[in-house]
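Asks: Sharing a structure here in structure tokens format.
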Amino acid sequence: MAQPRSDRSQHRRETERKNLLAAKGGAWDLPFLLLTLLLTGIGLVMLFSASFPSAYYESGDAAAYLKRQAVWAVLGLSSMVVMGRINYHRLRGTVRLALYVSLFLLVLVIIPGVGITINNSTRWLGIDGVFTFQPSEIAKLAVILYFADSISKRKEKMEDFRQGVLPYMVILGVFALLMLLEPHLSGTILIVGIGVMMMVIGGIKAWLVGLGFGGVGAVALLYVQLVKAGIISYGAGRILMWENPWLDPQVDGYQMVQSLISIGSGGLWGVGLGKSRQKFLFLPEEHNDFIFAIVCEELGLIGACIIILIFVLLILRGFWIALQARDRFGSLLVVGVMTQIALQTFLNMAVVTGLLPATGISLPFFSYGGTALALQLFEMGIVLSVSRQIPAPRKG
Amino acid sequence: MDNKPNRKSENIRRANRVIQRRTFVVMLVMGLVLFALVAVKLFQLQILRHEELQKLALDQQTRSTEVTASRGTIYDASGDILAVSATAETVFLSPLELAEELEKEETTWTKEFLASNLARILDISQESILQKMERTYSQYEVLKLRADEDVANEVRTFLNENDIRGVYLVTDAKRYYPYGSLASHIIGFVGDDNTGLYGLEARYEDQLEGHTGLVVTAQDVAGNDMLYAYEQYYDAKDGDDLVLTIDTTVQYYLEKNLEEIVNKYDADLGATAIVLNVNTGAVLGMASYPNYDLNDFGTVQDQKLQQAIADGTASLGDMQLRQWRNKALNDTYEPGSTFKIITLAAALEEGVITMDTTYDCSGSITVSGQVIHCTGTHRHQTLQQTAANSCNPAFITYGLALGQEKFYDYMDAFGLMGGSGIDLDGEATGIFIAEEDFTQLDLACYAFGQNFNVTPIALIAAQAACVNGGYLYQPYVVQQVLDDDGSVLYQHDSTPVRQVISEETSAKVRQCLEYVVSDGTGRNGQVTGYRIGGKTGTADKGKTGDVVVSFVCFAPADDPEIMLLVALDTPAEDTGTYPSGGAMAAPAASAIMSEILPYLGIMPSYSAEELLGADTTLPNVVGKSVAEATALLKDRGFSYKIVGDGDTVTDQTPTGGTVIPGRSTVVLYAGAEKSDAACTVPSLVGKTPAEANVAATNAGLLIRFTGTTSSSSGTVCVLSQSEQAGTKVPAGTVITVQLGDTAVAD
């Protein structure tokens, strides 16, 4: 009795799988594609504008950063096109591998002498100055892929704590632990955020969601209060400088003060594209994590809001695709990718504007970092792939 | 059997609905709520805090280089420059940069090398330079403010030759005062930051300073110019120029004579003198003593003040303040008898006295039970004589006749209560008893100028009003303010503040005061060829026995143009001259007037007697026969002496064309060789005019008398001579001697 039933369901699954893989799919979602290209283009222009003084002072070639970023952008766009043409269901076969590889790389990077250390953080692999990448970037993609695959299969079982929550918590815990060892707090926050968001959407119990967010919120508030009361000293500088960077504008608060000065001096219309003065070595990390401050200085509130609007449209369109997706797997893939983009964009802007305490999160499409850009574009390819299989609206 | 898959599919549908719902919520939160927060924060930073943050940005991104505006020039009445700004350079070092340079391998020089050389060039101590180099947190330590150009060039050469970076020069302006100490109290000076601290420099700071220009350059964090040019220019606007009423020539004569009598009579607390145009209020000269050199205003110049510092009885700071004080308006004094002019004018105006009023002086007067003594017992006097004798009881009587209220009103009307309002800083206010406390006895004292204090400038303004037809003018020193193109921004308007007394009364006052000089205590103030009116004053300073002696005079007495006040504070009593205004101040006033009246173009009008002694042009008689020459000289009123026995005049002393006093003796050479030997000036001081004439003629010199020639007591003698005794001068040189009476009581 069990045998034929098993055969039958297996047969059905395989047929389903064949159907899924055979699906040719329709056209890419044009708005999403255009928004992605728009952001990539604006991102490159702003990167050039923000980076040329540093590039000039460092190497004499004002376009040094732009050139490297542009190469990666081309690679990224190619990977996006390729991925966009691939049926995303084929990714299911790679999820475990991706998970293991990324775990391997995360372990590799913290082995002394293997990873590249910058600013007391060992986050990079590769050959310094030629090609480097952060395993945590790959880890984010791996988590998205694995969680999408796994959660989509569990369906209503997600409501069960032992099946729907515990395994994922363990996986996220391992990733978080490895990344905290680098240390890479912002990456940890992102990866946990992405994972949790996928679990939430995947259907874990509502009270767990409430408890989780409530708990995190409460802990954060408590932490800030304890730091202010002087009871906790870990990360106290960060919190104090967030509260008032002008307490120490020369050293600890320097980055934040310079960022606020950049943004504030932009005013409504900005000082003009390319005309930022803060990028002349006043604002550190002006082409990395703090590129948004230069954007605000050069393009003003108007320009910054337009760029935010493009991000918002991209995110909304992304989630719309998730809502329309053919199946749970596609939907969760897109949710994962868009959560990553949205969280990363928000956290970056929040840090740069002083909404949240400083932590190193790059701005998607804008910040300098070739592998990250290429991966982001590849992820856009995943979203585009999902968009191709959105069922046509039923007629009648 | 059917139930199970149904329930399962129901569960899946429910799960899918949850996914849909949650995705939608997450979409709204991620896509809208979070970014709305960012947008709000951006609005806060870029709009609400824009200005504050932009200022911070500009502060760190730009380096502004000041373009110093040239400070306005101060000219005297005839266009001579009294104060001018010239280019100078301030030398400063950047300790931070020097420290960085010193760490570089290619740097060949050392700290000590740099410091010792700069110390040598700039004339400052090496230690101070090394100390400043220690302040490596700083980028700006001044080594020398406003170094002269040659010094600056030497520094530049030294820096270039040794390839030193970190020491810089910036162009700055330095104030020069071409006349040094001349009119120092009026002009004042500027401090290290080129802002006026004293005198007109302070008073007209806003006009003189101009606007500093700016060149704003964008710079990167290391202070280098940014890759692209960002420069903004704000033009410097030079300061406005001042044209003063002060005339350097008048001022020079004033200061020369003032310094002379201060030294001669050992005036402990200095002296002041003012020359006023009575018809406009323009101050032509204003001197105060002790004075100082504007180019070196910190150095105490006066020997007495130096001595006080050396003795430790006074600090340098106090003595600096002393020498910077303009006694003409920063200090007040009890005027004494010169104030009788005011009493006289008010009493005549109110009709309580007339020109026919007489007064019998018994040597004292009793007011409210208090006996007030006179300088003598003058017996019966006419009104003019009471002025000429400076009779205190007479003037007390005139004052009492006016009554307290009227008298007080006149003092107010003459501007004595409120001050003169001159356009100089720090005018002191007079000190008077309040009107409600003003008793008969107070009035009695006020009537002859005691028991209250006024500034010399307020007093002379009031006295000018008494003689100019009754018009009170506000004294002033700035005639015009010109902008840097020379167009007139301000022109002083001399309109009288009010008419205090009538033209007729004023004429009577002039008549009385001319009599004071021709026949009274003011006779030492006579100036040959001029009608002078005046009044002496000798005021007690409390009960110490110290006095302020003063003399105020004006000329011409019938139609006054200028008025002069000379006041000497606390002269010594043992100089052989009786310490009184008539004996000490009047001769000085006469000397000043005799020099400035012709200079100001006020023509002398000689009496017949004076005309004989008046200056005459000596004709050239060389080549003429001796007979012809002597006839010509006789005709012109000259005496002559012939040396040699020829028939023709071969030479003469003085040479033809020279202006010499009439009745002088001319030496004619008839064949004999003219002697080249210099003559020694004999001592003439103390001699009578006749004795002085003989002594001068014997020495081969000519003599010119000025000052009084008449004396009731017969004590007229030479008070001073233009060439010091013992000096060698060419034969025929004219020695001017000041005649005077050394025993005048007031």
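Asks: Tell me which of B:T358, B:A39, B:T505 sits at the most positive position along the dipole axis of chain B, charges placed on C-beta atoms (Lys, Arg +1; Asp, Glu -1).
Replies: Looking along the dipole axis, the top candidate is B:A39.
Asks: A further question on this structure: Setting aside same-chain residues fewer than 8 positions from A:K155, which lysines have a Cα under 19 Å from its Cα?
Replies: Of all the lysines, those that pass the test against A:K155 - Cα under 19 Å, at least 8 places apart if same chain - are A:K205, B:K4, B:K8.
Asks: If you don't mind, there's one more thing I want to ask. Taking K and R as +1 and D and E as -1, what net charge do the other residues with C-beta under 15 Å from the C-beta of B:V500 add up to?
Replies: After counting each charged neighbour, the total is -2.
Asks: To the nearest whole number, what is the average tally of beta carbon atoms from other chains within 10 Å of the beta carbons of peptide A:264-273?
Replies: Mean inter-chain Cβ contacts per residue within 10 Å come to 5.
Asks: Would you compute, from DSSP H runs of 4+ residues alone, the mean residue ellipticity of chain B at 222 nm, taking -39500 (n - 2.57) per run and dividing by the full residue count, rounded to the nearest 500?
Replies: -10500 deg cm²/dmol
Asks: To continue, here is another question. Quickly rank B:430-438, B:167-175, B:321-329, B:240-248 as a protection proxy: mean count of other C-beta atoms within 10 Å, highest first.
Replies: Taking the mean over residues of other Cβ atoms within 10 Å, the ranking is B:240-248, B:321-329, B:167-175, B:430-438.
Asks: How large is the dipole of the protein assembly as shown about the Cα centre if only Lys and Arg carry +1 and Asp and Glu carry -1, each at its Cβ, rounded to the nearest 20 debye?
Replies: Dipole size: approximately 12120 debye.
Asks: Among the DSSP beta bridges whose two residues both lie in chain B, what percent are antiparallel, rounded to the nearest 5?
Replies: Roughly 85 percent of the beta bridges in chain B run antiparallel, per DSSP.
Asks: Can you give the extra length, in nm with one decimal, that the chain gains between B:T727 and B:V371 once fully stretched, where that is 0.36 nm per residue apart less the Cα-Cα distance?
Replies: So the extension gain works out to 122.9 nm.
Asks: Further question on the same structure: To make sure I understand the rule: partners must be lysines, Cα under 23 Å from the Cα of B:K104, and not fewer than 8 residues away in the same chain. Which ones qualify?
Replies: Here the lysines satisfying the reach criterion relative to B:K104 are B:K132.
Asks: Suppose every K and R has +1 on its Cβ and every D and E has -1 on its Cβ; what is the size of the dipole of chain A about the Cα centre, in Debye to the nearest 20?
Replies: 2040
Asks: Given the rule -39500 (n - 2.57) for each run of at least 4 DSSP H residues, summed and divided by the residues of chain A, what is its mean residue ellipticity at 222 nm, to the nearest 500 deg cm²/dmol?
Replies: About -23500 deg cm²/dmol.
Asks: Right, another one. Based on DSSP, what percent of beta bridges with both residues in region B:63-244 are antiparallel, to the nearest 5?
Replies: The answer is about 95 percent antiparallel.
Asks: Further, regarding this structure: To the nearest 10 degrees, how steeply does helix B:340-350 sit against the main Cα axis of chain B, on a 0 to 90 scale?
Replies: 80
Asks: Quick one: go through region A:153-183 and flag any residue whose amide nitrogen is under 20 Å from the point 7 Å out along the Cα-to-Cβ line of A:L226.
Replies: Those under the cut-off are A:177, A:180-181.
Asks: What's the angle, to the nearest 10 degrees (0 to 90), between helix B:689-698's Cα axis and the longest principal axis of chain B?
Replies: Around 90 degrees separate the two axes.
Asks: Enter the mean number of other protein chain beta carbons within 10 Å of the beta carbon of each residue in B:9-18, as an integer.
Replies: What the average comes to for B:9-18 is 4.
Asks: Moving on to the next point. Over chain B, what is the relative contact order in percent, taking alpha-carbon pairs closer than 8 angstrom and at least six residues apart?
Replies: Reported as a whole number, the value is 10 percent.
Asks: Which of the peptides B:394-406, B:358-370, B:272-284 is most tightly packed, and how do the rest follow, judged by the mean count of other Cβ atoms within 10 Å per residue?
Replies: B:272-284, B:394-406, B:358-370
Asks: How compact is region A:86-237 by the rule of thumb for globular proteins, expressed as Cα Rg over 2.2 N^0.38 Å?
Replies: 1.18
Asks: May I ask for the angle, rounded to the nearest 10°, between helix B:50-61 and the longest principal axis of chain B, with both axes built from Cα atoms and the value confined to 0 to 90°?
Replies: Helix B:50-61 and the main axis of chain B meet at about 80 degrees.
Asks: Oh, and also: Once you sort the root eigenvalues of the Cα gyration tensor of the protein assembly as shown as a ≥ b ≥ c, which label holds: rounded (a/c under 1.5), prolate (a/b larger than b/c) or oblate (the other case)?
Replies: prolate
Asks: Follow-up question, since we're still on this one. If you count, for each residue, the other Cβ atoms within 10 Å and average over each peptide, how do B:483-496, A:157-170 line up from highest to lowest?
Replies: Top of the packing list down: A:157-170, B:483-496.
Asks: Can I ask one more? Give, rounded to the nearest 20 debye, the magnitude of the charge dipole that region B:1-160 has about its Cα centre when Lys and Arg contribute +1 at Cβ and Asp and Glu contribute -1 at Cβ.
Replies: That gives a dipole near 2900 debye.
Asks: Considering amide H positions built from the backbone, and no H for Pro or chain starts, which residues 5 or more places from B:L739, or on another chain, come under 5 Å of its amide H?
Replies: B:T706, B:G707, B:T708, B:L719
Asks: So what is the diffusion coefficient of region B:545-587 in µm² per second by Stokes-Einstein at 37 °C and 0.692 mPa s, using a Kirkwood Rh over Cα pairs?
Replies: D, rounded to a whole number, is 293 µm²/s.
Asks: Oh, and also: Could you work out the per residue convex hull volume over the alpha carbons of chain A, in cubic angstrom?
Replies: Convex hull volume per residue, Cα atoms: 168 Å³.
Asks: Which of the pairs A:K67/B:K41; B:K256/B:K634; B:K340/B:K541 have their Cα atoms more than 29 Å apart in this structure?
Replies: Beyond 29 Å between Cα atoms: A:K67/B:K41; B:K256/B:K634.
Asks: Oh, and also: Once the dipole of region A:256-396 is set up with Lys and Arg at +1 and Asp and Glu at -1 on Cβ about the Cα centre, which of A:L283, A:L299, A:Q258 lies farthest towards its positive end?
Replies: So the residue we want is A:L299.
Asks: For region B:63-244, calculate the relative contact order in percent as a whole number, restricting contacts to Cα pairs under 8 Å that are 6 or more residues apart.
Replies: 36 percent.
Asks: Which helices count as membrane-span-like in chain A under these terms: full DSSP H, at least 15 Å along the axis by C-alpha, Kyte-Doolittle mean of 1.0 or more?
Replies: Long hydrophobic helices here: A:30-59, A:95-110, A:166-181, A:185-202, A:206-229, A:291-324, A:328-353, A:370-388.
Asks: I've got another one for you. Would you work out which of A:L268, A:I189, A:A220 lies farthest towards the positive end of the dipole of region A:159-306, given +1 charges on the beta-carbon of Lys and Arg and -1 on that of Asp and Glu, about the Cα centre?
Replies: Final value for the positive-end residue is A:A220.
Asks: Residues of A:339-348, mean number of Cβ from any other protein chain within 10 Å of their own Cβ, rounded to a whole number?
Replies: Per residue, the number of nearby Cβ atoms from other chains is 3 on average.
Asks: Follow-up question, since we're still on this one. Can you give me the relative contact order of chain A as a percent, contacts being Cα pairs under 8 Å and 6 or more apart?
Replies: So the answer I get is 26 percent.
Asks: If you don't mind, another one. Taking R0 as 41 Å, what FRET efficiency do you get between B:S502 and B:N620 from their Cβ-Cβ distance, rounded to the nearest 0.05?
Replies: Efficiency, rounded to the nearest 0.05: 0.15.
Asks: Could you list which residues have their amide H under 5 Å from that of B:L600, counting only those 5 or more apart in sequence or on another chain, with H placed in the peptide plane?
Replies: none
Asks: Here's a follow-up. Report the FRET efficiency, 1/(1 + (r/R0)^6), for A:E243 and A:I306, where r is their Cβ-Cβ distance and R0 is 35 Å, rounded to 0.05.
Replies: So, using R0 = 35 Å, E works out to roughly 0.70.
We did not get these values from a lab; they are worked out from the coordinates using the rules stated. Treat the numbers as computed from the prediction; the structure is a model and nothing was measured. So basically every Cβ, Gly included, is an ideal-geometry build from the backbone, and we count neighbours across all protein chains shown.
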